[in-house]
1. Going by the conditions given, is Leu74 in a helix (DSSP H, G or I) and over 24 Å from Leu160 (Cβ atoms)?
2. Among the candidates Glu113, Glu149, which residue alone is more than 21 Å from the chain's Cα centre (by Cα) and over 20 Å from Ala63 (Cβ atoms)?
3. Taking the range 43-82 as the region of interest, how many residues are open to solvent by 50 Å² or more (accessible area, probe 1.4 Å), among the small types (Gly, Ala, Ser) and closer than 20 Å to Gly147 by Cα?
4. Has the range 27-46 got any residue that is in a helix (DSSP H, G or I), at pLDDT 90 or above, among the β-branched types (Val, Ile, Thr) and closer than 21 Å to Leu138 by Cβ?
5. Would you be able to tell me the number of residues in the range 106-130 that are open to solvent by 40 Å² or more (accessible area, probe 1.4 Å) and of a type in the set (A, V, I, L, M, F, W, C)?
6. Quick check on this structure: which one of Gly147, Gly165 is small (Gly, Ala, Ser), assigned to a helix (DSSP H, G or I), out of contact with any Ser or Thr (no Cβ under 6 Å at 6 or more places or on another chain) and buried (at least 16 other Cβ atoms within 10 Å of the Cβ)?
7. Could you give every pair whose Cβ atoms fall below 7 Å, whose first residue belongs to the range 13-40 and is buried (at least 20 other Cβ atoms within 10 Å of the Cβ), and whose second residue is aromatic (Phe, Trp, Tyr), counting only separations of at least 6 or pairs across chains?
8. What number goes with the only condition from (1) more than 22 Å from Leu153 (Cβ to Cβ); (2) in a helix (DSSP H, G or I); (3) in contact (Cβ under 8 Å) with a residue 40 or more places away in the chain that Leu79 does not pass?
Amino acid sequence: GLVTAAISRNIQAFAKQEDSLARLTLQFGSAASKELAEYASSLQKITRFGDETINAVMAQFGAYGATTDQIRALTEATLDFAEGAGMDLNSTALLIAKSFNSSTNALSRYGIEIDTSVSQNEKMAQIIDGVNEKYKGLSKALGGLAGGEAKQLSMAMGDLQERFGQALTQVLNPLISAF
């Protein structure tokens, strides 16, 4: 039972990472998704957010019309805003995406005002500026504290689980298919 549970945890960790990469690839293609995944991994090392969650956020921005050039600034602003507002990252990303992709400013109740009559690109710039004015660098600052470093250690162990899960999947998938 313990061995099965350990194998299952590793495979589930890999599956979550694989899912986030598939979402990125769907939105941006394989080359751009690889670059964005590496960027997410670099953010994981300095913040309290896992790369699979950051990948999902970037894919969501892509689904709402952001380009790969806009993703980096939007993602960093989203990490900072999530920390500042005390919200989970996916909910924060959805608020931001809705604000730059619609005629509604879902961020106004959080004190971030944008002109909803301007273009999507201008809305993104206004959102990034508004978040930076309030919370710029907060996710990196909190990632450098003792609690943040402990979280980063936990995420590094999660990455190790993902690698074990990938190896186990490659071995077990042919067996599962045979059964």
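1. Values: in a helix (DSSP H, G or I): yes; over 24 Å from Leu160 (Cβ atoms): yes.
Criteria met by Leu74.
2. One residue alone meets the criteria, Glu113.
3. 0
4. From the range 27-46, those in a helix (DSSP H, G or I) are 27-28, 30-44; that's our starting set.
Applying the additional criterion that residues be at pLDDT 90 or above yields 27-28, 30-44.
If we keep only those that are among the β-branched types (Val, Ile, Thr) too, we end up with none.
No.
5. Looking only at that region, the number is 1.
6. Values: Gly147 fails: buried (at least 16 other Cβ atoms within 10 Å of the Cβ).
Selected residue: Gly165, the only one of Gly147, Gly165 that is small (Gly, Ala, Ser), assigned to a helix (DSSP H, G or I), out of contact with any Ser or Thr (no Cβ under 6 Å at 6 or more places or on another chain) and buried (at least 16 other Cβ atoms within 10 Å of the Cβ).
7. Leu36/Phe28
8. Among (1) more than 22 Å from Leu153 (Cβ to Cβ); (2) in a helix (DSSP H, G or I); (3) in contact (Cβ under 8 Å) with a residue 40 or more places away in the chain, Leu79 violates only (1).
The values are calculated or read from the model by the stated rules, or taken from the named source; none is laboratory data. Not measured: the values here are computed from a predicted model. Positions of Cβ are generated from backbone atoms using ideal geometry, with glycine treated the same way; all protein chains shown enter the neighbour counts. In case anyone asks, the SASA skips ligands and DNA or RNA and just uses the protein heavy atoms, side chains included. Shrake-Rupley method; radii C 1.70, N 1.55, O 1.52, S 1.80 Å.
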